[in-house]
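Heads up, the thing below is written out as structure tokens.
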Amino acid sequence: MQRITRRHFVKTTVAGAGMLATAPRWLCAQEAAPASFKGTDIVELGKTGIKVSRLAQGTGFNGYNHSSAHTRQGKELFDRLLRHSLDEGIRFIDMADLYGSHEFVKDIVKDLPRDKFTLLTKLWPRKAEWCNPSGGAKEEMDRYRKELNVDQFDICLIHCMTNDQWPTEHERIRDELSELKDKNIVRAVGVSCHDFGALKVAAEHPWVDVIFARVNHKGGKEFSCDASAEELTEVLTKARQNGKAVVGMKIFGAGKLVEPEQKDASLKFVFSKGLVDAITIGMMNPEEVDDTLTRMSQVA
């Protein structure tokens, strides 16, 4: 639990109890440090009203060209992994068109009650050998829903924002995602960030509900982050104060933080500092799922 210092107590007291009475529920929840950081804890993402397990099963380790290490291992092993994650209480599934993981997930969730899992996908906005984007989001989301055989996605992010001009560059995508949100085809929208300028804009931008942010205790490009740990702390704290839901990625440095003490330090960093609502990790097999869940249950 977070230690309450005398300075914090005095500051809170001076602010007055009236603020607590009128503060939105999401802010009160953020201020009161949770007693548990288990991967299976059910938490609310920012102001979205969407509830997820604190740990998401990623499906895009080394993702490129409509595939990933997860999908390249074949359907049998993918099914075994995702079924195990769901059986262990992970209810948050992190996908993307880039990873080619929609149709892999479809058969696993088809017989599950829709309120028992959360589907997040990401829309790739740039033309590539494997991708010929429409320039908007409606065409893509129609295809994604067919690929998963679902009527609704919980969250759709614009994938891999690499500069601070993304709101203008992808204005049509934003507008069409907003229309889809109004129609309840997608419940929340946002961006995944691979640039510090993009992240800083996302932390303030009124359109953004959910941010995927690269963060770990090491920070820096060597460990797949967009800034130092100190700079990330400042921006992500501000994002959450602004009501943005933050999902941490690259918690283990995209596979570079492999020692047990490194993993534990990174988990403690993101949770004890209140930088994220949840995290996504591209666990590749049931053993990695079990290891991550055990480590998260020990964060204090």
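FYI, it's all coordinate maths here, none of it is from the lab. Please read these numbers as outputs of a predicted model, since none were measured by experiment. Because the Cβ atoms are built from the backbone with ideal geometry, glycine has one as well, and the counts that use them run over all protein chains shown.
Observations
- Neighbour-count order for 131, 225, 160, fewest beta carbons within 10 angstrom listed first: 131, 160, 225
- With neighbour counts taken as other beta-carbon atoms within 10 Å, the residues 280, 294 rank, fewest first, as 294, 280.
- Count Lys and Arg as plus one, Asp and Glu as minus one, and take only other residues whose Cβ is under 9 Å from that of residue 246; the net charge is then +1.
- Counting other Cβ atoms within 10 Å as a rough exposure proxy, the listed residues 296, 284 run 284, 296 from fewest neighbours to most.
- Top of 181, 218, 256 by mean-square fluctuation, Gaussian network on the chain, Cα under 10 Å: 256
- Within a Gaussian network of the chain (alpha carbon springs, distance under 10 Å), most fluctuating of 260, 125, 113: 113
- You can think of it this way: the chain between residue 300 and residue 73 has 78.2 nm of extra reach, that is 0.36 nm per residue less the Cα-Cα gap.
- Its DSSP H runs of at least 4 residues, each contributing -39,500 (n - 2.57), put the calculated 222 nm mean residue ellipticity of the chain at -11500 deg cm²/dmol, to the nearest 500.
- A simple spin-label model places pseudo-atoms 7 Å from Cα toward Cβ; at residue 285 and residue 171 they are separated by 5.0 nm.
- Quotient of C-alpha Rg and 2.2 N^0.38 Å, computed over region 52-129: 1.07
- Longest to shortest principal axis, alpha-carbon extents of region 90-221, angstrom: 41, 35, 31
- Cross-link reach list, aspartates and glutamates versus residue 51, counting only Cα pairs under 16 Å and skipping chain neighbours closer than eight places: 41, 94, 115, 154, 209, 277
- For the chain, the longest principal axis of the C-alpha atoms and the axis of helix 260-272 are separated by about 70°.
- Farthest positive-ward along the chain dipole, Cα basis, beta-carbon charges - from 232, 101, 55: 232
- Geometric extent, Cα atoms of region 34-297 - Rg, Dmax (angstrom): 16.8, 47
- Förster-model FRET efficiency, 35 Å R0, residue 152 and residue 231, C-beta, rounded to 0.05: 0.45
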